[in-house]
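Enquirer: Below: one structure in structure tokens.
The values are calculated or read from the model by the stated rules, or taken from the named source; none is laboratory data. Computed from a prediction, not measured in an experiment: that's the story for all the values here. Cβ: placed from backbone, ideal geometry, glycine included. Neighbour counts: every protein chain shown. In case anyone asks, the SASA skips ligands and DNA or RNA and just uses the protein heavy atoms, side chains included. Shrake-Rupley method; radii C 1.70, N 1.55, O 1.52, S 1.80 Å.
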Amino acid sequence: MAAGKTLNRHLIEEGGWRQDGAGDLLALLEPMALAGKILAREIDQAALAGKLGLAGDANATGDMQKKLDVIGNEIVMDAFAGCSLVAGIASEELDEAVVMSTSEDARYLLCTDPLDGSSNTDVNAPLGTIFGIFRRGRTGELSGGEFLQKGSEQVCAGYVLYGTSTVLVYTVGAGVHGFTLDRGVGEFMLSHHDIRCPEKGSVYSANVGRHKAWKPGVRRYLDHVTEQDKSTGRPHSLRYTGALVADLHRCLLDGGVYFYPGDPGSPNGKLRLLYECAPLACVAEQAGGAASTGRGRLLEVMPEAIHQRTPIAVGSVDNVALYERFMAEE
Ligand code: AFP
């Protein structure tokens, strides 16, 4: 049986077409792949190593941190510590962006949610790591404002899904590719070449427990997808894992939509723009899907703060467009 294609070999081959060559691509994704392998091991063993449960502090956006949140953040920071290309990192777990390299080569910025789905850590449910990479517009001393770029400016984005298997999915603007961790070899092996998101799907992912607080347009959308109408394949099925990465991954492979709208208590919803929604929106669009705030293209939103939140609907083009139509009827 022919050996599979490792992530590094794929990046070398893919990088050949890039102006800056394969070097940058490898140098940026190899540390993320290493962080994914280490975090996969930490998650797998956490219950045996006393690493479940709360860490005792809240993060910048007020979420109580789990021990694995803190561990995940440390693993990502350590993995990029030696990467001279990354000038700084903005993380869900850090109040402010941190300087990583002052090298003249440090022409990239990393935005990350090291552990998405924290409520799942103690119940053996899916978790994820989300990453988005921007170019710096300049050299010299790093300022937090450099991270405030539209998601459309990302040069690389992706996620690691810690599920029944561990999968790394990334895009650099030339399609979306998935790699499954072969734990015996310790390599991410190409398993999903050129992922294409189905134009429509019959699954929706949302915290329907909050529907009474949703705006009328979103409630009408929910009524529509849950109506009995065999001719249009309704009702759709609800799948909601508590980890956006896992729900999005299903949308990319099987079709469907994930949405987290705003409500009176949290007008911009719960999810953070820079390091959760924008990277996944980039992946979704590159796979032929769509990502919206409910009112317009999510990748066009200009962040005003690192931990800014945004409403989101992401997944199959037809499902996102239908969601937007119901939102427009508000
Ligand atoms: P946590 O990382 O704090 O668990 O949040 C996960 C998440 O950002 C996203 O991955 C989930 O889809 C969503 O929040 C779950 O939020 P609700 O618990 O409010 O449904």
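Enquirer: For the range 259-264, take each phi angle, set θ = phi - 60°, evaluate the Karplus expression 6.51 cos²θ - 1.76 cosθ + 1.60, and give the result in whole Hz per residue in order, putting x for glycine and proline.
Expert: So the Karplus estimates, Gly and Pro as x, are 9, 9, x, x, 8, x Hz.
Enquirer: As an exercise, find the ratio Rg/Rh for the chain from alpha-carbon atoms, using the Kirkwood inverse-distance average for Rh.
Expert: Rg divided by Rh gives 0.96.
Enquirer: On to the next question. Where only protein heavy atoms count, and the probe is 1.4 Å, what is the accessible area per residue for the chain in Å²?
Expert: Values: 13800 Å² over 330 residues.
Spelled out: the 1.4 Å probe surface of the chain, per residue, equals 42 Å².
Enquirer: Something else: Ranked by accessible surface with a 1.4 Å probe, highest first, in what order do 100, 64 come?
Expert: So the residues, ranked largest to smallest area, are 64, 100.
Enquirer: Here's another thing I want to ask about it. May I ask for the angle, rounded to the nearest 10°, between helix 21-45 and the longest principal axis of the chain, with both axes built from Cα atoms and the value confined to 0 to 90°?
Expert: Value to nearest ten degrees: 70.
Enquirer: For residue 96 paired with residue 153, estimate the spin-label separation in nm (one decimal), with each label point 7 Å from Cα along the Cα-to-Cβ line.
Expert: With each label point 7 Å from Cα toward Cβ, the separation is 2.0 nm.
Enquirer: Angle, helix 67-81 long axis vs. longest principal axis of the chain, Cα atoms, 0 to 90°, nearest 10?
Expert: The angle comes out near 50 degrees.
Enquirer: Which far-off residues, 5 or more places away or on another chain, put their amide H under 5 Å from the one on residue 166, with H placed in the peptide plane?
Expert: The answer is 181.
Enquirer: Next up: Under 13 Å from a point 7 Å along the Cα-to-Cβ line of residue 231: which residues of the range 249-264 have their amide N that close?
Expert: Under 13 Å, as judged by backbone N against the label point of residue 231, lies no residue of the range 249-264.
Enquirer: State the percentage of accessible surface on the range 7-192 attributable to carbon and sulfur atoms; use a 1.4 Å probe and exclude ligands, DNA and RNA.
Expert: The C+S portion of the solvent-accessible surface of the range 7-192 is 50 percent.
Enquirer: For the range 175-327, what does the relative contact order come out to in percent, with C-alpha contacts under 8 Å and a separation of six or more?
Expert: This gives 27 percent for the range 175-327.
Enquirer: Taking the Cα centre of the chain as the origin, how large is its charge dipole in debye, to the nearest 20, when only Lys and Arg (+1) and Asp and Glu (-1) carry charge on their Cβ atoms?
Expert: About 840 debye.
Enquirer: Restricting to the range 203-328, what percent of DSSP beta bridges are antiparallel, rounded to 5?
Expert: Percentage antiparallel, nearest 5: 75.
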